[in-house]
Amino acid sequence: MPQSIKIVEVSPRDGLQNESQVIAVNDKVQLINDLRTAGVKHIEVTGFVSPKWVPQLADAQEVARQLAPDEDVVYSALTPNMKGFEAAMDSGIKEVAVFTAASETFNQKNINCSIEESFERFAPILEQAKQQNIKVRGYVSCVLGCPYEGDIDSEQVAAVSEKLFAMGCYEISLGDTIGVGTPLKAQRMFAQVAKRIPTNSLAVHFHDTYGQALANILACIQEGARIIDASVAGLGGCPYAPGASGNVSTEDVVYMLHGMDIKTGIDLDKLITAGQNISKVLGRSVNSKVANACRSSS
């Protein structure tokens with residue numbers, strides 16, 4: 001087992017993007033500040049995407065400009081095209097992310113282009129990022145299953161990931177977008193990708209649709225994974241993946257890791273508070289077993 005794990009918190013972007021109610025900028029910034037207070041060091045704060053397709057992120061520039069300066073925290077943002085990248089740069093963002101999928105059909109539904117065409121879109125972003133010394137993270141969706149194509153070949157996942165890595169993405173996040181993966185399948189997929197990309201450049205991003213996320217994470221840790229994407233209060237979903245539930249909750253991941261003597265640098269109690277606060281804003285209960293268990297026992 002590793003001594004420590006890097007947690008990438010995705011709730012302000014991936015967690016909130018599918019919410020139907022408009023969430024105020026102040027509430028989004030408060031969530032980010034709560035996460036910082038809990039010790040989270042890498043936060044995906046927003047996405048510079050078309051407000052037509054993702055209305056919840058129409059306030060990306062306003063959110064980014066209200067971020068508290070913190071040299072110890074990486075604020076990142078999703079930038080699917082050059083327009084988004086330029087807006088992120090204007091807003092002071094220092095790390096960006098691009099995304100594609102291991103499924104052709106999902107890519108067409110999600111970003112209206114083929115996998116190969118998505119690489120062509122990313123090329124100028126990666127070139128500009130290199131010139132401006134901006135790190136770029138790459139997301140690969142549907143690594144264990146697609147709502148349209150079913151099972152996905154791990155070799156396809158590896159090929160797409162390798163392409164992103166070769167183009168200049170310093171870190172590749174492997175996403176089980178609809179949460180259909182099971183531990184052995186997750187482990188085999190991770191191992192296949194790790195044949196082409198160093199494990200210290202690979203992250204795992206599991207949705208908990210079938211309750212398998214923690215088990216999948218543990219299986220991948222055993223295979224060498226050292227970076228985990230998670231979302232406080234289990235927030236999330238995907239507007240282009242029918243049936244996809246929220247991301248694995250950060251509280252549950254941190255509880256498991258701390259119980260295994262793996263350090264995250266995160267204060268679990270403060271993290272639980274962050275999840276409770278944003279859940280109150282959304283008007284629903286926290287989707288975290290650990291947070292609900294702690295509340296029941298207190």
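The table below gives the values:
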quantity: Any chance residue 272 is under 24 Å from residue 23 (Cα atoms), modelled with pLDDT of 95 or more and in contact with a Cys (Cβ under 7 Å, 6 or more places away or on another chain); calculated: yes
quantity: Matching entry among 161, 173, 141, 154 (being in contact with a Gly (Cβ under 8 Å, 6 or more places away or on another chain), polar (S, T, N, Q), over 23 Å from residue 54 (Cβ atoms) and in contact (Cβ under 8 Å) with a residue 24 or more places away in the chain); calculated: 161
quantity: Residue that is modelled with the lowest pLDDT, among those in the range 178-201 that are open to solvent by less than 10 Å² (accessible area, probe 1.4 Å) and out of contact with any Gly (no Cβ under 8 Å at 6 or more places or on another chain); calculated: 179
quantity: Subset of the range 94-118 [among the hydroxyl-bearing types (Ser, Thr, Tyr) and outside any strand (DSSP E or B)]; calculated: 103, 105, 114, 118
quantity: For residue 147: the one exception among (1) closer than 18 Å to residue 213 by Cα; (2) over 17 Å from the mean Cα position of the chain (by Cα); (3) open to solvent by less than 50 Å² (accessible area, probe 1.4 Å); (4) at pLDDT 95 or above; calculated: (4)
quantity: From 94, 83, residue being surrounded by fewer than 21 Cβ atoms within 10 Å (Cβ to Cβ) and more than 18 Å from the chain's Cα centre (by Cα); calculated: 83
quantity: For residue 99: the one exception among (1) in contact with a Phe, Trp or Tyr (Cβ under 6 Å, 6 or more places away or on another chain); (2) open to solvent by less than 20 Å² (accessible area, probe 1.4 Å); calculated: (2)
quantity: Residue that is closer than 30 Å to residue 111 by Cα, touching a residue at least 60 places away in the same chain (Cβ under 8 Å), in a strand (DSSP E or B) and touching a Leu at 6+ places or on another chain (Cβ under 8 Å), where the choices are 230, 203; calculated: 203
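The values are calculated or read from the model by the stated rules, or taken from the named source; none is laboratory data. Keep in mind the model is a prediction, meaning the values are calculated, not measured. Every residue, glycine among them, receives a Cβ derived from its backbone with ideal geometry; neighbour counts consider all protein chains shown. For the accessible areas, the whole protein counts, side chains as well, though only heavy atoms, and no ligand, DNA or RNA atoms are used. Shrake-Rupley method; radii C 1.70, N 1.55, O 1.52, S 1.80 Å.
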